Each structure stands twice: as structure tokens, then as C-alpha cells.
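The values are calculated or read from the model by the stated rules, or taken from the named source; none is laboratory data. It should be emphasised that the depicted structure is a prediction, and the values quoted were computed from it without experimental measurement. Virtual Cβ from ideal backbone geometry, glycine too; neighbours counted across all protein chains shown.
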Amino acid sequence: MTSAISAIPAAKAAPRAERPPQVGKAVRLTLFYLLLIIIALIFILPYLMSIFAAFKPLPAILAQSPLRPPTSPTLSNFSTLFSQYDFGRYLANTLLVTVILTAGQVIFSMMGAYAFARMEFPGRDSLFWLYLMTLMVPNIVTLVPLYVLFAHSHLLNTYWAIFLPYVLGVPYSVFLMRQYFMTIPKEVMEAARLDGCSEGRILWRIIVPIARPIIITATLLAFVFGWNNFMWPLIVTNSNSLSVLTVGIAYFNSNFSVQWNLILAGALVALIPMVILFAIFQKHIVNSISLTGINR
Amino acid sequence: MNVAATTTVLTKQQKPATIRDTAERRRTIRTAFTFLAPSLIGVILFLLIPIVMVIGLSLVQWNMLTPMKWVGLSNFVNIFEFDGFGHSLVVTAYYVILNIPIQTVFALGMAMLLLRKHAGSGLIRVIAVLPFLSTPVAMGVIWNWIFNPSGLVNQFLGHLGITGPAWLSSDATAMPVIAFANIWQYVGYNMLFFLAGLGAIPLTLYEAAALDGATKWEQFRRVTLPLLRPTMLFVLVTGVIGSFQVFDTVYVMTNGGPGNATEVASLNIYNTAFTGFRIGEASAMSVVLFLIILAITVVQFRYFNKRITYEIA
């Protein structure tokens, strides 16, 4: 990030010229970059300030400006979270649940998408419409009955409860991948079938490599959803040993209301993996979000 | 959604119908349903059955311990008379009205600003999308800190000689701050759709408009906006559906307070169901919220469909 920020002043200085026709352009460019810097600050400052604060002791957070970097950075907030409180557990729970949720959701959605896109069976189109209709159902609407279902199946307060509703494949993901699979020429699969390839092999060996962009997109979306999910884990778990990070942070927020050092460090434990994920996949994420929009 | 176009097309070499053929067909069907089974079970168990259930549950009185009691439609009256659900709907609508127009205008504005490649504009695009991935609960507690009475915002206002309010504990400012947090989170995400939409408009249309003497503003009104309608529809529909369900940020930033000034519909459903254990009332609330979201979605589709008349070959 820093390299491109430092490039901005240089670019701003470059077009400055004395001749009148260029003055307007220079002014406009300066304004443009001023606006760009303001936008960048609005999006970066919250992260930057909480990183500063998470490495300061509480008195320093309360006394200093949030914009001031820590003079002697300390890891004590994080070590308190992990040794005196259960943040290690929360982190492990979140990771476990999110990985299971993501793997299941992507694989099962992919299988469903392949059946819808490239296999023939009675009732295919009406079943696909059924999937599409469920896209219109807001999560909040199914929340209470889902809870009742889980309570009756004695699944409350288990790991299963946290990921089960999302692990079998979700209509949105099926839809997304189906649209992509439809663009793969039928002849490719027919040739493989004539060669005696099983459908599972075709999906795994032929479709998956071709459809990699959309599979990565579905994986990222599932992972981000699982990692950030809050309301459902909040409802179906009430023991500390099963808490995920979001639930742990919310608990801290309501019970340690002035201990900003711990609260902000806790927030960063959830945020940093997402920032790293973003840093690795940013090009892909940016491209694939636009992709999901056009597909719809 | 161009689903209608994808009807089944039976292909290939006309083979004579033989016994081997039907056996093969049956095997294909079996494989297809094996592939479909997991997601189909998921859809039935976790979407279709709950939808049927929520309607049933909205007609009973039940605390999950004692047996259910059939009460007909009375829950739908009681939630408005005793549970403040009317207030929650008003608060939610207020949130949506604060959220959606500003978010859409800023997303479009940023997209137009960043459409042409200048040094640095690519970086800003990326930075603006980062909040989309950021855990809303974690961002919520960061905003709590930034907007606390002696936080950054009030320190800044103090330098200007203004005494800032206690943002999240005053009726007038709590909801706007929550709306701000959500706009911050999703504006970059929506900007990406506008960038894609703007990028698809042929430059020749602007050149033609300029030749006809259209000003920049007229070009925006008569070329950009009409051609962006599909994008606009997508951004508005997903935005409205999402913001009618806002929960995470509200829960950590105000938990409905001060008083019940920010008790949005989903928070009311949550409290009714999981602290009051009044399943019937919470289900009735869910049904009402669903119908409202559905109605608004249908209206949006109608409005935009009528007006999407431009087709670029």
C-alpha cells in the first residue's frame, strides 16, 4: 500500500505548468488527487488507528490521540486476550467452522451446479426455479424456525449447529457456478463421456480446471461469510468453549466497555486474517465481485 | 437473470431407442440426483421447511417449554400493540432511507471518479473494497471507540471549538452513526458494480451526445443513468434486502438503544425469540418483515423493468 501512496505526490507535482491552458488541467488534477487522498484516508484510518491502539496500553490509548503511533509497542493486549481470556479458543473455533463450512458449501454447490448445467433429468428446470426462488428469502425470516429445528434435533451447543445450515451448498453459490458452467461447450463433456469418463471424473478433471475463477469466487464468498457470521452462532451456542470470534468480541464489547485496549485488539484478531486474505487475493476479489453482479 | 433462455436442448445423433439407451438414461438420472442431493437436502431442510414452519409458528403461542396454543392471527395484532414492532419497522425504514440513497450516490460518484485510469486510482479501488470483507462486528466495536464521547470524532470537533455529542447514546445521532458504519462498509463493494456498468457503456454514445450539443450533465442524465439501470436495479435490490435485515452493527453499537431508538426489526425479532422465548410473536414479526421486503423488491423490479428499454447489440 505504501508504495502507491508515496507515488501520489509525485504524480500531483508532475503536470504543474505555467502556460494558461494547462493551469485548468493542473487545478483539476490537484483536486482529483486531493479527493483521492481523502477517500483513501476515510477507508484506511479506522484500521490504522485500531492497529495503533491495539499495541498501546490502556492509559496511553486514553491519553493520546488515536492518530499517534505507539511509542513503545506492546503485545500485552494480545497476550492478555490469549492467556487470560479464551481468544485462542475463539480463533480456533472460527477457523474450524469456517473451513468446514467453506469446503462443504463449495463442493456440494459445485456438484449441484454441474447437474443443473450439464445433465439431463426430469424436473430439472422446475427444481432450478425452486433454487432461484429461495434466493429471495431473507435470512432473518428462517432464523426462528431454524432455531426450533435445531433445538428439537438436540443440536444446539454443538459445532454442527454453527455450520450445518450452510455446509450442504447454498442456492446462491449453485446459481453462480451453474451460470459459469453453462458457458463451457457441451462437446467437451460429450467427448469425455464417449471416452468412458464417469460424471464425477468429468466434473473433477475437466470442469474444475476450466471453471477455476468462479470456484475461487465461491470459495472466497463462503469463507468471508463463515468468518463474519454472527447472528446464527450467537443464537445456537451459549458456552464459551464453542464461541466463535464474532460472538467473543460482542461479549467483550458488552462486558468490558471501557477496556478499549482489549476490545480493539480482539477486533483485530478477527480483522487481520481478512486483511491478509484480501492482500493475497485482492485482484481476484475485485474482479469476481463485479462478475457476480453481471451474472445476476 | 436470463434463466428463461436456458431451456433444455436435446442434442446429438439420433440414436435408435434401444434398451441399452433407456438403461443409460436411467443411470444418468440417478447420477444427476446424486450430484444434486446434498444441495437439495440443504434447500429443503434449511430453507423450504423453515419457511413453511415460520407461517405455522406465527399462528401459535409457544415458549418452547409448555405445549403450543393455537391463537390464529392474534400474534399479528399483538406484535404491533405490545411488542413495538410498528416502531421497529419505522426505525428500520429510517435506517434504510439514511443508508441506501447516500450509499448509492457515493458508490456511483466514486465509480465515475475512478473509472479512468490515473496513477493511484487502482489502489483506491482496492482500498475501498477492503471494508466489504471486514467483520461487521469487529468494525462495530471500532466505530464505538471512534464515536465515543472522548473519541477521535469529538477530539477533532474539539479542535474546531465544537463540543460533540455522545453519538451513540443520543436519540438524534445514534441511527445516523450506524448508517454511516454500514455505508462505509458497503460503498466500495457497490462501487465495483457501477464500475462494471459504466465500463460497458460505449464511448461513442457520449461522442454522439456531445456532437448534438449535450452538456456533461445532460450526458449523465440521458446516457449514463438510463444505461446504468440494470446495475442500479441490482445495487438497490440487494442493498434494500440487506439493510432491512441489519443486525450485527446495531447489536454491538447500540443494542437497540438509547431506549429503543435503534431497535430495528431484526433486533426485535431476536429479543422476542431468544430473550423472551415468545416464538409465535417472533415468527409473526418474521412473516411481516418478509412480506414487506418481498413487496419492495417486486416494486423495484416493476419500476426498473418498465424502464429498461435500451439494448446495446
Considering every residue within the stretch B:11-22, establish whether at least one is of a type in the set (S, T, Y), assigned to a helix (DSSP H, G or I), out of contact with any Ser or Thr (no Cβ under 7 Å at 6 or more places or on another chain) and modelled with pLDDT under 85. yes
Could you tell me whether any residue of the stretch A:76-95 is in the same structural domain as A:G226 (by TED's automatic domain parsing), touching an Asp or Glu at 6+ places or on another chain (Cβ under 9 Å) and of a type in the set (S, T, Y)? no
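Residue-wise test of (1) polar (S, T, N, Q); (2) closer than 20 Å to B:Q245 by Cβ; (3) assigned by TED's automatic domain parsing to the domain that holds A:F87.
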{"position": "A:N228", "(1), (2), (3)": "yes, yes, yes"}
{"position": "A:P233", "(1), (2), (3)": "no, yes, yes"}
{"position": "A:V236", "(1), (2), (3)": "no, yes, yes"}
{"position": "A:L242", "(1), (2), (3)": "no, no, yes"}
{"position": "A:V247", "(1), (2), (3)": "no, yes, yes"}
{"position": "A:N255", "(1), (2), (3)": "yes, no, yes"}
{"position": "A:Q259", "(1), (2), (3)": "yes, no, yes"}
{"position": "A:I263", "(1), (2), (3)": "no, no, yes"}
{"position": "A:L268", "(1), (2), (3)": "no, no, yes"}
Scan the stretch A:263-278 for residues that are more than 9 Å from chain B (Cβ to nearest Cβ) and either surrounded by fewer than 23 Cβ atoms within 10 Å (Cβ to Cβ) or not in a helix (DSSP H, G or I) (or both) and jot them down. A:I272, A:P273, A:I276
Check whether at least one residue in the stretch A:69-83 is within 20 Å of A:P273 (Cα to Cα), surrounded by 23 or more Cβ atoms within 10 Å (Cβ to Cβ) and in contact (Cβ under 8 Å) with a residue 40 or more places away in the chain, and report yes or no. yes
What do you reckon, is A:I210 surrounded by fewer than 17 Cβ atoms within 10 Å (Cβ to Cβ) and at pLDDT 90 or above? yes
Cβ contacts < 6 Å: first residue at the interface with another protein chain (Cβ under 7 Å from one of its Cβ atoms), restricted to the stretch A:133-155; second residue outside any helix (DSSP H, G or I), any location; separation 6+ or different chain. Result? A:P138/B:Q245; A:I140/B:Q245
Within the stretch A:163-186, is even one residue of a type in the set (S, T, N, Q), in contact with a Leu (Cβ under 8 Å, 6 or more places away or on another chain), surrounded by 20 or more Cβ atoms within 10 Å (Cβ to Cβ) and in contact (Cβ under 8 Å) with a residue 60 or more places away in the chain? yes
Looking only at the stretch B:271-284, which residues are assigned to a helix (DSSP H, G or I) and either touching a residue at least 40 places away in the same chain (Cβ under 8 Å) or crowded, with 24+ Cβ neighbours inside 10 Å (or both)? B:T272, B:A273, B:I279, B:G280, B:E281, B:A282, B:S283, B:A284
Return yes or no: is A:V148 at pLDDT 95 or above and more than 26 Å from the chain's Cα centre (by Cα)? yes
Residue among A:A191, A:A211 that alone is more than 26 Å from B:E24 (Cα to Cα) and assigned by TED's automatic domain parsing to the domain that holds A:I285: A:A211
Pair list, Cβ under 9 Å, 6 or more apart: the stretch B:25-46 residue under 20 Å from A:V141 (Cβ atoms) and more than 7 Å from chain A (Cβ to nearest Cβ), other residue of a type in the set (V, I, T) and surrounded by fewer than 15 Cβ atoms within 10 Å (Cβ to Cβ): none
For the stretch B:236-250, indicate whether the set of residues that are surrounded by fewer than 20 Cβ atoms within 10 Å (Cβ to Cβ), under 30 Å from B:V52 (Cα atoms), touching a residue at least 60 places away in the same chain (Cβ under 8 Å) and of a type outside the set (G, A, S) is non-empty. yes
Please tell me if A:I235 is surrounded by 15 or more Cβ atoms within 10 Å (Cβ to Cβ), within 30 Å of B:I269 (Cα to Cα) and in contact (Cβ under 8 Å) with a residue 60 or more places away in the chain. yes
Do any helices (runs of 4 or more DSSP H) lying entirely in the stretch A:1-78 carry at least 1 residues that are within 21 Å of B:S150 (Cα to Cα) and at pLDDT below 90, and which ones are they? A:58-63
So which of A:A54, A:A63 is among the small types (G, A, S), more than 22 Å from B:A181 (Cα to Cα) and within 14 Å of chain B (Cβ to nearest Cβ)? A:A63
Please pick out the residue among B:I102, B:I124 that is farther than 30 Å from A:L91 by Cβ, crowded, with 23+ Cβ neighbours inside 10 Å and of a type in the set (V, I, T). B:I124
I'd like to know if the stretch B:138-146 contains one or more residues that are under 24 Å from the mean Cα position of the chain (by Cα), facing another protein chain (nearest Cβ under 8 Å), modelled with pLDDT of 90 or more and farther than 28 Å from B:V91 by Cα. no
